[in-house]
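Just so you know, all these numbers are worked out from the coordinates, no wet-lab data involved. Predicted model only: the values in this text are computed from it and were never measured. As a convention, Cβ positions derive from the backbone with ideal geometry for all residues, glycine included, and neighbour counts pool all protein chains shown.
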Amino acid sequence: MRLKKVFLFSSICLGALVVFLFINTLRFQTRQLHFAPIKHVESTNSSIIRLSKAIQYQTISNQENKRIDTNEFYNFHTFLKHYFPFIDSALLLKKINRLSLLYEWKGSDPTLRPILLMAHQDVVPVEAITLSDWSHPPFQGAIKKGFIYGRGTLDVKSGITAQMEAIEYLIAHNYKPKRTIFLAYGHDEEVGGKQGALRIAEYLRLKKVQLKFVLDEGGSIIKGIVPGIRKPIAIIGVAEKGYLSLELTAKEKGGHSSMPPKESAIGILSSAIKNLENYVFPSRMSGVGSIMFDYISPEMNFGLRFAIANKWLFSSFIEQKLDMNNATRATLHTTMATTVFKAGEKENVLPTKAKAIINFRIMPGETISQVIERVKEIIDDPRIHIKTNGKFNYEPSIVSNPSSPTFRLMQKTAKQVFPDLIVAPYLVLGSTDSRHYKNLTKNIYRFVPFRLEPSDLNRIHGINERISIKTYKEGINFYIQLIRNSTK
Ligand SMILES: [Zn+2]
């Protein structure tokens, strides 16, 4: 009798749980906004010629300022002046630190906070050894079979020219913005942005400018990388991870390898690294790392929707799945990668020193000093000397609110211009110049409105970087519409 009661009670509980899970799933509504698609402006082929020409300037950044070929940048500036004549006459141009550009299109209402669109002029170098693998020389700007080829076609001269095409079009069609628009193009993003974007942001801060939003590179329109989703997804970065490199050193006496001590410098350092690699930084399933799934999973089939709608119950199952892929795992944790290991010169000599560099990418919500503390605890070996390496370490960014009116404005614009896609906020794993603007606005978004195939991701900083003419022309429409939506 008693057993029967227990059985009945558990069945009722289980039934209630199932009902609750189903209700949760049904309440897990789409977060996609619906707007009528706009009619696209058909860009002329001269916009393609202008991008091709922009690619021909070898504006390669360099860690050492004096090794930059400044003439390439100056010539690029002259090109912009001549090929975008409406911008040249209607916008103010301020050169910052000689090579960075800040354009200002003054709005009629000075009480409105300006918007700022970003990109960067510099590109990464092309390794000489890979030159023969390019189907067209990287700085030729070849236009072939529907694509423009060359360094910067994706990262991110196409962002500069597409934004400028949009503004040329709007000026030519007599558009008068109420809200001021800034265009900010640094010259050293690929090496940290301290001479470019940081200085532009500093200039604006001194002028007491507060911005409505910043839109930089970061996400784009991708297809075929999320299982269960067939539509393209516009991923808009709302935060980016922090960056820290630590140098670990183990020192030993050295000597002849015929009379070795029990542990070598290499062994001591290796086991410290192994301990670190075995450690998994806490997962943040509830944080910004998984935010993308809140937006795309309502568009998935019932099974996946069921799991994500009930994340509180299935988080370890979902985490397991996400952990199987390097890219999705990186969105959930602070990651570490051993990138340099140096020790030993000769086969019969004990090295006196072994050195390694570990690169960490830190989740928003954690800090550099917390990571260093954790590393010390895990290694727990006084023979290992730990210090920060390099000048590029920075904290994770703030998280811009994906429920804010500004994010909705991005969503709206994307839906108007590309009605076929899903829009989702996400965590940027790399870094962008936008982090330098953190004192000027809470609303920092990272998105370039171009459609990328999964294989295009390897072309960024890689071989045969290219953009399709079709997506480039569509992208110009995104900027035209964004300016209309945000500055009327
Ligand atoms: Zn870039």
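At-a-glance table
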| quantity | calculated |
| --- | --- |
| ³J(HN,Hα), Karplus 6.51/-1.76/1.60, whole Hz, each residue of the stretch 80-94, x for Gly, Pro | 4, 4, 7, 8, 10, x, 5, 4, 4, 8, 9, 10, 7, 10, 10 |
| Note, ³J(HN,Hα) from phi for the stretch 354-366, Karplus 6.51, -1.76, 1.60, rounded to Hz, x at Gly and Pro | 10, 10, 9, 10, 10, 9, 10, 10, 9, 5, x, x, 10 |
| For the stretch 1-149: relative contact order, % (alpha-carbon pairs under 8 angstrom, 6 or more apart) | 24 |
| Net charge dipole size for the stretch 131-270 [Lys, Arg +1 and Asp, Glu -1 on Cβ; Debye, nearest 20] | 620 |
| Rounded, prolate or oblate (a/c below 1.5 giving rounded, otherwise prolate when a/b exceeds b/c) for the stretch 283-332 by Cα gyration tensor | prolate |
| Net charge of Cβ neighbours under 9 Å - reference Tyr57; Lys, Arg +1; Asp, Glu -1 | +1 |
| Whole-angstrom gap from the stretch 406-446 to the stretch 223-288, using each part's C-alpha centre | 28 |
| Net charge of Cβ neighbours under 12 Å - reference Asn439; Lys, Arg +1; Asp, Glu -1 | +4 |
| Summed side-chain charge close to Leu21 - residues other than Leu21 whose Cβ falls under 13 Å, Lys, Arg +1, Asp, Glu -1 | +3 |
| Anisotropy class of the chain from Cα gyration tensor, a/c 1.5 cut | oblate |
| Prolate/oblate/rounded call for the stretch 160-200, Cα gyration tensor, a/c under 1.5 rounded | oblate |
| Phi-based couplings in Hz for the stretch 201-214 (Karplus 6.51, -1.76, 1.60; Gly and Pro marked x) | 4, 5, 4, 5, 5, 5, 7, 6, 7, 10, 9, 6, 7, 10 |
| Test item: Cα-centred dipole of the chain, Lys/Arg +1 and Asp/Glu -1 on Cβ, debye | 1420 |
| Least to most buried among Lys470, Lys94 (fewest other Cβ within 10 Å first) | Lys470, Lys94 |
| The stretch 283-332, relative contact order [Cα under 8 Å, separation at least 6], % | 40 |
